[in-house]
1. How many Å³ per residue does the convex hull of the Cα positions in the stretch 236-290 occupy?
2. To check you understand DSSP bridge types, tell me what percent of the beta bridges within the stretch 175-260 (both residues inside) are antiparallel, rounded to 5.
3. Multiply the residue separation of Glu175 and Cys60 by 0.36 nm, subtract the distance between their alpha-carbon atoms, and state the gained length in nm to one decimal.
4. Of Lys98/Lys273; Lys24/Lys98; Lys25/Lys82, which sit over 30 Å apart, Cα to Cα?
5. Suppose R0 equals 25 Å; then what is the FRET efficiency for Glu199 and His243 from their Cβ-Cβ distance, rounded to the nearest 0.05?
6. Residues with amide H under 5 Å of Leu153's amide H, sequence separation 5 or more or different chain, H placed in the peptide plane at 1.01 Å from N; which?
7. May I ask you to compute the full-extension gain from Glu289 to Thr225, defined as 0.36 nm times their residue separation minus their alpha-carbon distance, rounded to one decimal in nm?
8. At 0.36 nm per residue, minus the direct Cα-Cα distance, what do Phe159 and Asp145 gain on full extension? Give it in nm, one decimal, please.
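The values are calculated or read from the model by the stated rules, or taken from the named source; none is laboratory data. The model shown is predicted, which means the values in this text are computed figures rather than measured ones. Cβ: placed from backbone, ideal geometry, glycine included. Neighbour counts: every protein chain shown. Side chains included, ligands, DNA and RNA excluded: accessible areas come from the protein's heavy atoms. Shrake-Rupley method; radii C 1.70, N 1.55, O 1.52, S 1.80 Å.
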Amino acid sequence: MPKIQEMNFSSSKQKLYENYVEAKKDSSFVKLVNRLQLKEEDAMKITSKLQDTLNEISHCNNCKGLQECQNSYRGHVFFPEKKEENIYFSYAPCKHQKAFLKMKKEKENLANTNVNARIRDIDGTSDKKRIPVIKWILKFLEDYDYSKDMKGLYLSGSFGSGKTFLVSALFHELEINYHVSTLTVYFPEALRTLKDDWEEYESKMRQYQSVDLLLLDDIGAEKVTEWGRDEVLGTILQYRMDHHLPTFFTSNMNLKELESHLATIGKTIDVVKSRRIIERIKQTSEALELTSENRRK
């Protein structure tokens, strides 16, 4: 019986060696083994795991974003790390995942700031370029009447200039003083959520359509699809236009740039449908531009 076990062991070890020899034909495998300073007998034992790492790295080399990730754990790479004399494998975040987490943290911080925004917190002294927008917001607050046919604001301008903060301050004041229902929606994320959760699609769309004041934040940052443009954005705006509900937008694009953005889907350009969206935006909001210093620094 011991001889049979010994034979099986030798056979298993031979197979590991053969796999290792075959793997060494790949120069990337050799480089990884050398970088980890592995002895041959240790490298033999984890050859298949090292090959998994190289396979995932090859996916990353041609990957343009998280949506295209082909790795077993989205946004991560199965990677080895040497600690003392042992090798440990774990999932390390790729550059796209790191960028996503950074952006998410920034947006969470901004969201916390914007939730508590008040008119008294608006800085109207350090940058005169902000004054026309601040005046518009103060006038809207003073004149607000649910029964009136009022337009919202399409606020475009430079990154980090405080567009969302200004609208959030207005919304907060109206909630406190007039008990107005308001909703701020980060538009690119809203599209992803609607697409991923069909059970909630109708209820969320009804909310976007009927809330007293709606802010579609960062419109133009989304990937344009016919469904997102025509079925989601077009449907929301048509309802709000028909029911005279003020709609607010923030964007890094002015209306002309947004029109071009919405018209282009891959290699297809549909100016007619894009202009239809722009006309609905004009019917529900007034356009102002805010070019100011980056206040997120």
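1. Details: hull volume 4.4 nm³, N = 55.
Hull volume normalised by residue count: 81 Å³.
2. On the way: 0 of 8 bridges.
Roughly 0 percent of the DSSP beta bridges within the stretch 175-260 come out antiparallel.
3. Working: separation 115, 0.36 × 115 = 41.40 nm, distance 4.65 nm.
Roughly 36.8 nm would be gained on extension.
4. Values: Lys98/Lys273 36 Å; Lys24/Lys98 32 Å; Lys25/Lys82 23 Å.
Distance filter (> 30 Å) returns Lys98/Lys273; Lys24/Lys98.
5. On the way: r = 26 Å, r/R0 = 1.02.
Taking R0 as 25 Å, the efficiency between Glu199 and His243 is 0.45.
6. Residues meeting the amide H criterion: Thr247, Phe248, Phe249, Glu286.
7. On the way: separation 64, 0.36 × 64 = 23.04 nm, distance 2.61 nm.
Contour length minus the Cα-Cα distance gives 20.4 nm.
8. Details: separation 14, 0.36 × 14 = 5.04 nm, distance 3.14 nm.
Additional length available on full extension: 1.9 nm.
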